[in-house]
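Written below as structure tokens is the structure these notes are about.
Just so it is clear, none of the values below were taken in a lab; they were calculated from the coordinates. These numbers come from a predicted model, not from an experiment. FYI the Cβ positions are ideal-geometry reconstructions off the backbone, even for glycines, and counts take in every protein chain you see.
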Amino acid sequence: MALCAALLAMTGILVGGCGEGGDVGGTHPDYGKALAGTPAPLAALHRQETELLGGGRQAFEERIDSLRGYPVVVNVWASWCGPCRFEFPAFQRLSARYGKRVAFIGVDNEDSEDAARTFLSDAPVPYPSYSDPDSEIKESLGAPRAVPDTAYFNREGELVFLKQGQYAAEEDLRDDIERCALAEDCESG
């Protein structure tokens, strides 16, 4: 009986810990207001907010190419990933804050489409995510097996920095956006 109680308590801790720290499903910025007046290439991303797109690596790379002239931040995530859920609210807030100058794109890695769509409906973002069930996009970024990861592309469409693992604090993500996307100082950083 004590063993059963201990297992139930452990299960509760593990399940409860998956989303702990993140406000997934909570409030998010008013994207329409925050991103009003965005330049056309970035506005095209915003019109696809929270969509899960197919097309694999080719479609993803074509999108990166279409965004030349703008820095791009790519968040690789999965709905089942606790650390991804933890950092997602920071991506919600900072994509609203920087989305007029920086392109944001998601990559949903090794996830079921139903679970990903449900997650995105609970945690909307002002940009689309590409479905990556076989990790082709993730591998093209040079990312390791685990998620989350965040890739930064410069204005010429070149990958300049890959942050492996979750952002522990929103300030760390903000600093990398300012350093790698806006100042484009990642090559030396």
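The modelled label-to-label distance for the pair Glu61/Ala43, using points 7 Å beyond Cα in the direction of Cβ, is 3.0 nm. Using a cutoff of 8 angstrom between alpha carbon atoms and counting only pairs six or more residues apart, the relative contact order for region 64-189 works out to 33 percent. Distances between placed amide hydrogens fall under 5 Å for Val125 paired with Thr50, all partners being 5 or more residues away or on another chain. Can you give the charge dipole size of region 28-159 about its Cα centre, rounded to the nearest 20 debye, using +1 on the beta carbon of Lys and Arg and -1 on the beta carbon of Asp and Glu? Roughly 740 debye for region 28-159. Listed by chain and number, the aspartates and glutamates whose alpha-carbon sits under 19 Å from that of Lys138, ignoring those within fewer than 8 places in the same chain, are Glu51, Glu61, Glu62, Asp65, Glu87, Asp108, Glu110, Asp111, Glu113, Asp149, Glu158.
Each 5 Å bin from zero up to the one holding the largest Cα-Cα distance in region 2-182 carries the following percent of pairs: 1, 8, 18, 22, 22, 15, 7, 3, 2, 2, 1, 0, 0. Once the Cα-Cα distance is subtracted from the 0.36 nm per residue extended length, the Leu159 to Arg101 segment shows a gain of 19.1 nm.
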